[in-house]
Amino acid sequence: MSLPDLSGAPLFTVFTPTYNRAHTLHRVFNSLRVQTLSNIEWLVVDDGSDDKTPELIEAWSKRVNFPIRCFRQEHAGKHIAFNRALGKARGYFFPASIPMMLVPDALEKLTQLWNSIPKRERTDFYAVGGLCCDQNGEITGDRFPTDPFDADPRELRYVHHIRGEKWGFGLTDIIRRHPFPDVRGAQFIPEGIVWLAIAKNFKTRWTNEIVRTHYINDRETGPTLSQRASLGDHALGRWHYYRWLLNNDLAYFFYSPTPFLKAAIMLPIVGWFSGKSLREALMLDRFLTKILVWLALPLSLLLYGVDRVRTKGPSL
């Protein structure tokens, strides 16, 4: 095994945040039971569920030969659970959120992918990853132009325009340096705020092998935190994300203007939903980002008004 030794700890910490998902948590559990690489631990952070999650975890822990650790917190959101799991992880970090399951040889494939990186180059990398498919076996997103393919998540998104679900594991010590902001009152912060920050200094090696099944529009799973009925859904977390994006990645604007135009339009909108003033939205690090938000403001006002009428909420 060419991954660094962790002094007897499990090779992988598979992390699952959950909130009232006892009815679908079995998907992750069953996919871990059949992994061809068994040197793992399953770390579950229960975000204040009021269902049978604790009882399930206790029963399952008696049926498998890998450790299952469950930590409970008051309902604070996935980002808080993520940060807590990072502090508890003993192996290389593999987030496995619901609704999903790993393919049986996912961890073995990704270990082999890491081992394929020349030793002299490994300090440039922090993660490896692969493709995802839906419950019908259809790949969700774009394939990589080569296999393997080395690129950081910013290059992947802005330069190569590779879209869709991707998944893998990362070196825990590096991810710990880039936690989610500790935003209380937000239930969801886009994960890009973590992965794009790490991408400033480290690359990922990608494969066109499928490593995860992601359940889409599934009756049993129901809606997820990232699905929105209104522009104001999860507004506070998105406000922090759009501010981070405009402050940190604007150098890629001419490669891929759409994410930044969207951020400029949406920043005032999610700010208004979060009780933030326009002045706060304009407290950005660069003059050009402030100009971009100002120029987009008429469209922001229009979209906010339309959304308020559509959802019959209060106007600005």
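The values are calculated or read from the model by the stated rules, or taken from the named source; none is laboratory data. Predicted, not measured: the structure shown is a model, and the values here were computed from it. For neighbour counting, all protein chains shown are included, and Cβ atoms are generated from backbone atoms with ideal geometry for every residue, glycine included.
Can you pull out every residue in region 276-316 that is charged (D, E, K, R), in a loop (DSSP other than H, G, I, E, B) and touching a residue at least 12 places away in the same chain (Cβ under 8 Å)? Let's see the steps before the verdict.
Going residue by residue through region 276-316, those that are charged (D, E, K, R) are 276, 279-280, 285-286, 290, 307-308, 310, 312.
Filter once more, keeping what is in a loop (DSSP other than H, G, I, E, B): 276, 285-286, 312.
Passing the criteria: K276, D285, R286.
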Cβ pairs under 6 Å, 6+ apart, first in region 52-69 and under 21 Å from R90 (Cβ atoms), second part of a helix (DSSP H, G or I) and hydrophobic (A, V, I, L, M, F, W, C): W60/F29
Given (1) in contact with a helix residue (DSSP H, G or I) (Cβ under 9 Å, 6 or more places away or on another chain); (2) of a type outside the set (F, W, Y); (3) at negative phi, where does L302 come up short, assuming only one miss? (1)
Taking region 164-199 and the residues there that are modelled with pLDDT of 95 or more and over 14 Å from the mean Cα position of the chain (by Cα), the one that is surrounded by the fewest Cβ atoms within 10 Å (Cβ to Cβ) would be R177
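Looking at R27, R21, R84 in this structure, which one is among the charged types (D, E, K, R), out of contact with any Leu (no Cβ under 6 Å at 6 or more places or on another chain), assigned to a loop (DSSP other than H, G, I, E, B) and in contact (Cβ under 8 Å) with a residue 12 or more places away in the chain? Explain how you work it out, then say what you get.
Details: R27 fails: assigned to a loop (DSSP other than H, G, I, E, B); R84 fails: assigned to a loop (DSSP other than H, G, I, E, B).
The unique qualifying residue is R21.
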Please pick out the residue among F71, F82, F66 that is surrounded by 19 or more Cβ atoms within 10 Å (Cβ to Cβ) and either assigned by TED's automatic domain parsing to the domain that holds R184 or under 20 Å from the mean Cα position of the chain (by Cα) (or both). F82
Checking the conditions here, which among D134, D46, D50 is assigned by TED's automatic domain parsing to the domain that holds A197, of a type in the set (D, E) and over 20 Å from the mean Cα position of the chain (by Cα)? D50
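Would you pick out the residues in region 89-106 that are in a loop (DSSP other than H, G, I, E, B) and among the small types (G, A, S)?
Just the residues of region 89-106 that are in a loop (DSSP other than H, G, I, E, B), to begin with: 89-91, 96-99, 103-105.
If the condition is that a residue be in a loop (DSSP other than H, G, I, E, B) and among the small types (G, A, S), then A89, G91, A96, S97 are the ones that fit.
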V159: passes all of (1) loosely packed, with under 15 Cβ neighbours inside 10 Å; (2) modelled with pLDDT under 95 but (2)
If I ask for residues that are among the acidic types (D, E) and either at pLDDT below 95 or in contact with a strand residue (DSSP E or B) (Cβ under 9 Å, 6 or more places away or on another chain) (or both), which ones from region 218-261 would you list? D218, E220, D233
